[in-house]
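All of the numbers you see were taken from the coordinates with simple rules; none came from a lab. Please read these numbers as outputs of a predicted model, since none were measured by experiment. Here the Cβ positions follow ideal geometry from the backbone for every residue, glycine too, while neighbour counts run over all protein chains shown.
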């Protein structure tokens, strides 16, 4: 296996991350189009891929404007925070054995920490804009992300208990026989929902609910600063998908490893295929599920998701203890 | 929860359905012959302008986009000295066509009249006037009207009887 230098790998992730996020904007619009019986962007280039370039040129050439009433320093800093935090999150993702920037023994906690940092971006962006819609969006996102943070972390504790480690490589290796999506199905459901809420993607994009808050926290943003928010959102989507694959769907391991014992695709390819599946699932969620009301979102979080998570934790612990005692 | 999954399945099935989109510039929509689009000024079968500059179209126009000036020919017939339609105001309602007594002004099935310069949306008479007869191939106003022109005298028009001699006692 070719060993990638961490710096080279970091550069690679940076480039692939940004390019992937740009590509995703087109892919998502195309998929949404198909699911809504239309085509989506299909004009520029083959299948409309050139739309990505056109959008990028448009965003780059736009006037880089800071509203006079905004808090200038924070206003400029906020969009970068989300991109940096999400990029940092990729540091611990094990793309395949050997292709990982750093394998820390608290990789899972590092990932959770980095996604939590993203809330600062949204909150500061909303505050610094000095605009009532932006402020409300920022407030909403803060409370949404903080409350979904709680059981996002807790939903993963079942996996940690079964693996006995916070290291993501260890977690992937522990799924050699059975993926955690079977044994931790409840955890998977909760993590997916919390992940959408955490990256504030469409069913839970209340921070930027167009119908009531104009554009929420990025009302006052335009040009590249807005593009940074979008980049952060898509990076977050990719990061969450990568984590779902790593934690619940066996990471880089293909099904062939279990059934045929023939490795007919490199591990990175399996990882990518799984990520694409999860991303498509997220887009499907966006196309299908209506946005809940804000109080529904909160009560879903605290009254349904949290009890499910705790129940899952108790069951997992009990079963583990029972197995430790000798099982049947 | 279950209804959400059901919704997702139904949406997913749309992946295999044909898109409703009409790929417009490549795939032109059918426009009916009476479609109300770009306005033209037609000529009668003899190749003369039909417009008699009566101003009824300008009066009927709800957005006041038509402007014209009457002038008189040597034989006493009227024609528009200039005829101007501002298509940036025109709403293609067809009121002018309904008001026109000579079938001169007509709407055509064409709506592709974009311009980069707003001033280019103002069409003058040379832009509006076409060489054809439009929707009424045989109609010639001066053949059916009682007006005396260079080519015909009173009572010589189609469906017209000779003028009654009011000074005579004969029926």
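The Cα-based radius of gyration and maximum Cα-Cα distance (Dmax) for region A:1-121 are 18.2, 55 Å.
Here region B:88-131 was treated as a single set of alpha-carbon atoms; its pair distances binned every 10 Å from 0 give 21, 56, 21, 2 percent. Legend: mean number of C-beta atoms from other chains within 10 angstrom of residue C-beta atoms, peptide B:155-165, equals 0.
Projected onto their three principal axes, the Cα atoms of region A:183-245 cover extents of 45, 24, 10 Å, largest first.
For region B:89-171, compute Rg over Rh where Rg is the Cα radius of gyration and Rh is the Kirkwood radius from the inverse mean 1/r over Cα pairs. Intermediate results must be reported in sequence, preceding the final value.
On the way: Rg = 19.6 Å, Rh = 16.6 Å.
With Rg and the Kirkwood Rh in hand, the quotient comes to 1.18.
Let me confirm one metric for peptide B:16-23, namely the mean number of other chain beta-carbon atoms within 10 Å of its residues' beta-carbons. Let's see the in-between values first.
Values: counts 1, 3, 1, 8, 4, 6, 0, 3.
Going residue by residue through B:16-23 and averaging, the value is 3.
Report summary: the helix-based calculation at 222 nm, which adds -39500 (n - 2.57) for every DSSP H run with n ≥ 4 and divides by the residues of chain A, gives -22000 deg cm²/dmol. Put in order of Cβ neighbour count within 10 Å, fewest first, the listed residues B:10, A:218 become B:10, A:218.
Over region A:42-201, the fraction of Cα-Cα pairs per 10 Å bin, rounded to whole percents and listed from the shortest bin up, is 10, 27, 29, 23, 10, 1. Centre-to-centre, using Cα atoms only, region A:101-127 and region A:144-175 are separated by 15 Å. Taking every alpha-carbon pair in the protein assembly as shown and binning the separations at 20 Å intervals from zero gives 18, 36, 20, 16, 8, 2, 0 percent. Take the Cα of residue A:139, step 7 Å toward its Cβ, do the same at residue A:120, and the gap between the two points is 2.3 nm. Ordering B:107-120, A:160-173 by mean Cβ neighbour count within 10 Å, with the highest value first, yields A:160-173, B:107-120. Overall dimensions of chain B, expressed as equivalent-ellipsoid semi-axes from the Cα gyration tensor (√(5λ), whole Å, largest first), are 50, 20, 14. Remark: mean inter-chain Cβ contacts per residue of A:36-47 equal 2, using a 10 Å Cβ-Cβ cutoff to other protein chain atoms. The distance linking region B:53-83 with region B:93-135 is 14 Å (Cα centroid to Cα centroid, whole angstrom).
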